[in-house]
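Below you'll find the structure, written out as C-alpha cells, and then a few comments.
The values are calculated or read from the model by the stated rules, or taken from the named source; none is laboratory data. Computed from a predicted model, the values in this text were never measured in an experiment. No Cβ is skipped: glycine too gets one built from the backbone with ideal geometry, and neighbour counts run over all protein chains shown. Calculation scope for accessible area: heavy atoms of the full protein, side chains included, ligands and nucleic acids excluded. Shrake-Rupley method; radii C 1.70, N 1.55, O 1.52, S 1.80 Å.
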Amino acid sequence: MSGRRKKAYSVEFKLSVVSKTETSSIRAVAREAGVDEKRVCEWKGQEMELEEMMQKQGKMVCKVRKRIRGGGRKVHFPKQEKLIAERILQQRALHVRVLRRDVARIAKEIITDPHFSASPGWISKFMRRYRFVTRVKTTAGQSLPKNVSERIIYYVTNCRKRITRNQLPLNCIANMDETAVWADMPGNSTIEVRGAHTVQIATTGHDKQRITICLAAFADGTKLKPFIVFKGKRIPKEICNVQDAVIRMSHNGWMNEALTKKWIATVWNVSVQPSAKQMLVWDTFKCHFTSSVKSLLQQSNTDLISFSTTWVQ
C-alpha cells in the first residue's frame, strides 16, 4: 500500500493561492491549486505573517522558503538543548576538541528522558539550530614541490624497469618508512560555531613527546615486524620481553645510522629470502644511504630505490 506523499509549498505559492480566494471560493481555489481545502484555510489565517515575510526577506527568498518562522515540528527539549550548547561553548572556549560523539554524550547526561537516544539525525538538527559545524583547525598546509609530477613519473618508471629487469615477484618488493607517534594526538577537527575565524584545539602538554616506529611491508601484503625507537638509554622493564616488535633506544627517540643497521639485522635480514634478489623502497633520509648501510644491504642482495617525497600517494 502506497501512502500519500507529503509536499512542501513556498511562501510565494501560498500567497498566490490566498489571493485567489478573494474572487473564488476556497473549494474552487483548492481544487485548482491541487491542495487540500484545510491547507488553504491555514494559509489564509497566516496571510499577514506571510506578507510580512515577503516584505522583509524578498521575493527570491520566498520562492524557496517553505514555512513561516516558528513553523514545523517543535523542539522537545528546548531548555536542555540550550544547556548542551552552553556546555559545548564552554569546552571550545578552553580549546577542547568536541566531536559529534561528545555532543551525544553530553546530551544523554542532560536529557534524562528514557526515549531520547541522541541519534545522528538529532545531532545534525541540533547543530543546525545552534549554528554549530565541524571545522578543521586553522593551520598552514604543506605546499607541493614545483616538479612533483615529473618526479612521480620518473619514480614509477624507474621502479617498473628494475622490477622487470630482475623479474621480482611481489614477495621480494618491500617498502619501509619511519613515522612519529606522539604521546598526545588530539586530531584536527572539532565542532565550532559557524563563521569562527580561528579554530584551536588544546593538548595535554605532551604533544612534543614522541616515539619513532619503522613499518615495512612486502608488495604481497606481508608485514614485517615493527621496529620501535624510544627516547632514553635503557629499555624499560615493562617492554623488555615484547615478542611482536623490536624495541631500541636512542638519545632523542629518532632513527640514526646505527639503528638503521640494527633494523636491517633484526627485521630485514630475518624476513627476506637469503638467495633471492630483493628490492627495498624507502625515502632519502640521510642515514639510509651511508656506506655502511649500503654495504649491509648489498650483502643481502637488496636493490635500493628511493623517493624524496614519499608522502605523495
Report task. Filter the range 137-154 down to the residues that are within 21 Å of Thr190 (Cβ to Cβ) and open to solvent by less than 90 Å² (accessible area, probe 1.4 Å), then identify the one that is modelled with the highest pLDDT. Result -> Lys137
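Can you work out which of the residues in the range 81-103 that are of a type in the set (D, E, K, R) and modelled with pLDDT of 90 or more is surrounded by the most Cβ atoms within 10 Å (Cβ to Cβ)?
Initial filter on the range 81-103 (of a type in the set (D, E, K, R)): 81-82, 86-87, 92, 97, 100-102.
Now drop any that are not modelled with pLDDT of 90 or more, which leaves 81-82, 86-87, 100-102.
Details: Glu81: 19, Lys82: 13, Glu86: 12, Arg87: 17, Arg100: 16, Arg101: 10, Asp102: 16.
My answer is Glu81.
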Report task. Would you kindly identify the strands (runs of 3 or more DSSP E) lying entirely within the range 120-197 that contain at least 3 residues that are over 30 Å from Gln90 (Cβ atoms) and under 28 Å from the mean Cα position of the chain (by Cα)? Result -> 173-182
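Among the residues of the range 219-256, what is the count of those that are among the aliphatic types (A, V, I, L, M), in a loop (DSSP other than H, G, I, E, B) and open to solvent by less than 50 Å² (accessible area, probe 1.4 Å)?
Within the range 219-256, residues that are among the aliphatic types (A, V, I, L, M), in a loop (DSSP other than H, G, I, E, B) and open to solvent by less than 50 Å² (accessible area, probe 1.4 Å) number 3.
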Query raised in the report: Quick check: anything in the range 104-115 in contact with a His (Cβ under 9 Å, 6 or more places away or on another chain) and at pLDDT 90 or above?
Result: yes
Query raised in the report: Which of the residues that make up the range 156-199 are farther than 28 Å from Trp268 by Cβ and loosely packed, with under 12 Cβ neighbours inside 10 Å?
Result: Gly187, Arg194, Gly195, His197, Thr198
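Matching residues to (1) in a helix (DSSP H, G or I); (2) modelled with pLDDT of 85 or more; (3) closer than 24 Å to Arg129 by Cβ:
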residue: Val18; (1), (2), (3): yes, yes, no
residue: Ala30; (1), (2), (3): yes, yes, no
residue: Glu52; (1), (2), (3): yes, no, yes
residue: Gln55; (1), (2), (3): yes, no, no
residue: Cys62; (1), (2), (3): yes, no, yes
residue: Lys66; (1), (2), (3): no, no, yes
